[in-house]
Number of protein chains: 2
Amino acid sequence: MMIKKKTRGQLIVLSGPSGVGKSTVISELLGQRQDIHFSVSFTTRQPRVGEADGVNYHFVDRAEFERMISAGELLEYAEYVGNYYGTSLKVIQEKVAAGTDVLLDIEVQGAAKVRAKCPEAVLIFIIPPSFEELSRRLRGRNTDSEETIAGRLRKAREEYRQIPSYDYLVVNDKVSAAAAEIIAILLAEDCRTRNRLHLVDDI
Amino acid sequence: MMIKKKTRGQLIVLSGPSGVGKSTVISELLGQRQDIHFSVSFTTRQPRVGEADGVNYHFVDRAEFERMISAGELLEYAEYVGNYYGTSLKVIQEKVAAGTDVLLDIEVQGAAKVRAKCPEAVLIFIIPPSFEELSRRLRGRNTDSEETIAGRLRKAREEYRQIPSYDYLVVNDKVSAAAAEIIAILLAEDCRTRNRLHLVDDI
């Protein structure tokens with residue numbers, strides 16, 4: 001048996017523009033790496049068709065979200081297109097300390113806050129094969145008005161400026177290939193010397 | 001098709017104590033990643049049974065090796081247990097510039113020189129599951145005298161001190177698992193943001 005005891009879990013941040021297909025990639029990833037804990041974010045936005053409370057998001061109202069901010073219960077939070085999105089600090093701390101990898105799906109402002117608080121977090125940005133393709137995917141979803149789509153594309157342009165501060169860049173052309181790359185990134189991060197020095201004999 | 005054009009190849013350095021099973025791991029790796037160019041080192045040591053010139057090493061005499069040193073033809077070279085080992089600079093430069101990944105099997109002194117000259121090289125150190133197991137593997141080889149084995153173990157102890165300067169640490173318990181980890185490391189390195197910025201639309 002390969003020695004694989006981990007002293008701490010990894011904190012993995014996935015970002016990418018709305019419409020890039022992040023949730024599909026995450027489903028594929030979590031199917032293959034069932035040991036990863038997916039951190040469910042809190043949000044004040046309305047559930048979309050097919051979204052369930054506690055699965056896609058914890059859906060809360062603004063008053064509750066603002067209470068969580070004041071109580072310091074959030075690792076990061078941001079306001080995006082008029083809604084709050086945030087991540088519970090407590091859950092993450094417990095999981096990582098127990099050696100479990102934790103995956104966060106958050107946008108660039110949140111990712112920057114995670115990096116500042118946890119410098120060893122692994123930041124991965126997912127892009128579409130082209131910006132044109134992103135625009136096609138957003139229209140193909142048929143859930144948003146033209147105005148919302150235009151807003152998402154503007155937002156994506158802003159987000160792209162933050163790409164250089166991410167550790168890894170994954171192109172979501174084929175979902176299986178994108179998931180395979182993320183799985184390779186996580187295995188490689190496990191192999192980092194600083195995460196494995198406990199395996200070296202004290203000679 | 002996934003966009004995978006690489007602007008430059010990666011320089012990959014593999015080190016590990018004599019007896020760790022590095023050549024077996026490398027064979028497995030090159031079988032799966034046939035696009036990798038394995039840099040054949042030059043050495044003044046005698047070929048072992050089964051070793052062929054130009055395959056395992058380029059075998060040369062001391063006079064020729066010292067000529068190569070003077071002519072600046074080597075990326076790195078070192079003397080180890082009375083013999084020279086060195087790497088051709090020219091071959092590596094050509095391959096990397098053409099987008100080909102190049103694998104070097106060199107010891108810690110050579111690796112430190114590569115790091116100094118090519119800061120973006122990926123340095124991987126392979127260890128056995130335990131130091132006891134290393135000693136068993138060296139004896140099981142039946143090619144070396146007890147004195148040579150003792151020398152190799154002493155050398156291994158020194159090499160272990162350099163482990164923290166390597167990027168990645170791979171435990172060779174099972175060859176297939178060790179090769180899979182190296183393959184994941186190379187894919188992850190391809191995904192590094194700095195190696196992929198050319199895939200981001202200029203928007």
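The values are calculated or read from the model by the stated rules, or taken from the named source; none is laboratory data. Keep in mind that what you see is a predicted model, and the values were worked out from it rather than measured. All Cβ positions, even for glycine, are placed from backbone atoms using ideal geometry, and neighbour counts span all protein chains on display.
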Subset of region B:159-174 [more than 7 Å from chain A (Cβ to nearest Cβ) and either under 13 Å from residue B:16 (Cβ atoms) or buried (at least 18 other Cβ atoms within 10 Å of the Cβ) (or both)]
B:159, B:162, B:172
Output the number of the condition that residue B:121 fails; it satisfies all remaining conditions of (1) more than 10 Å from every other protein chain (Cβ to nearest Cβ); (2) touching a strand residue (DSSP E or B) at 6+ places or on another chain (Cβ under 9 Å); (3) surrounded by fewer than 17 Cβ atoms within 10 Å (Cβ to Cβ); (4) under 29 Å from residue A:171 (Cα atoms).
(3)
From the residues in region A:38-54 that are surrounded by 11 or more Cβ atoms within 10 Å (Cβ to Cβ) and β-branched (Val, Ile, Thr), which one is modelled with the lowest pLDDT?
A:40
Members of region B:157-183 found to be within 14 Å of residue B:14 (Cβ to Cβ), charged (D, E, K, R) and outside any helix (DSSP H, G or I), listed by number
B:167
Given A:23, A:18, which one is in contact (Cβ under 8 Å) with a residue 40 or more places away in the chain, hydroxyl-bearing (Ser, Thr, Tyr) and in a loop (DSSP other than H, G, I, E, B)?
A:18
Hey, can you tell me all the residues within region A:38-63 that are in a helix (DSSP H, G or I) and in contact (Cβ under 8 Å) with a residue 12 or more places away in the chain?
A:62
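Mind checking which residues of region B:136-155 are over 18 Å from residue B:80 (Cα atoms) and touching a residue at least 40 places away in the same chain (Cβ under 8 Å)? If you could, list the steps in order and put the result at the bottom.
The first filter runs over region B:136-155 and keeps only residues over 18 Å from residue B:80 (Cα atoms), leaving B:136-137, B:139-142.
Once the filter is applied, which keeps residues that are over 18 Å from residue B:80 (Cα atoms) and touching a residue at least 40 places away in the same chain (Cβ under 8 Å), region B:136-155 yields B:137, B:141.
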I'm told residue A:12 meets every condition in (1) in contact (Cβ under 8 Å) with a residue 40 or more places away in the chain; (2) surrounded by fewer than 19 Cβ atoms within 10 Å (Cβ to Cβ); (3) part of a strand (DSSP E or B) except one. Can you identify the failing condition by its number?
(2)
Would you check if residue A:181 is farther than 21 Å from residue A:137 by Cα, more than 7 Å from chain B (Cβ to nearest Cβ) and crowded, with 18+ Cβ neighbours inside 10 Å?
no
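Quick check on residue B:189: is it facing chain A (nearest Cβ under 9 Å), over 18 Å from residue B:78 (Cα atoms), at pLDDT 95 or above and part of a helix (DSSP H, G or I)? Walk me through it before giving the result.
Details: facing chain A (nearest Cβ under 9 Å): yes; over 18 Å from residue B:78 (Cα atoms): yes; at pLDDT 95 or above: yes; part of a helix (DSSP H, G or I): yes.
Yes: the conditions hold for residue B:189.
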At pLDDT 90 or above, exposed (fewer than 14 other Cβ atoms within 10 Å of the Cβ) and either over 26 Å from residue A:169 (Cβ atoms) or not β-branched (Val, Ile, Thr) (or both): is that true of residue A:82 in this structure?
yes
Kindly indicate whether residue A:97 is closer than 30 Å to residue B:186 by Cβ and out of contact with any strand residue (DSSP E or B) (no Cβ under 7 Å at 6 or more places or on another chain).
no
Against the condition among the charged types (D, E, K, R) and crowded, with 18+ Cβ neighbours inside 10 Å, how does residue A:66 come out, does it pass?
no
Would you check if there is a residue in region A:146-154 being crowded, with 16+ Cβ neighbours inside 10 Å, basic (Lys, Arg) and at the interface with another protein chain (Cβ under 9 Å from one of its Cβ atoms)?
no
Look through region B:192-203, keep the residues that are within 7 Å of chain A (Cβ to nearest Cβ) and under 25 Å from residue B:104 (Cβ atoms), and return whichever of them is modelled with the lowest pLDDT.
B:196
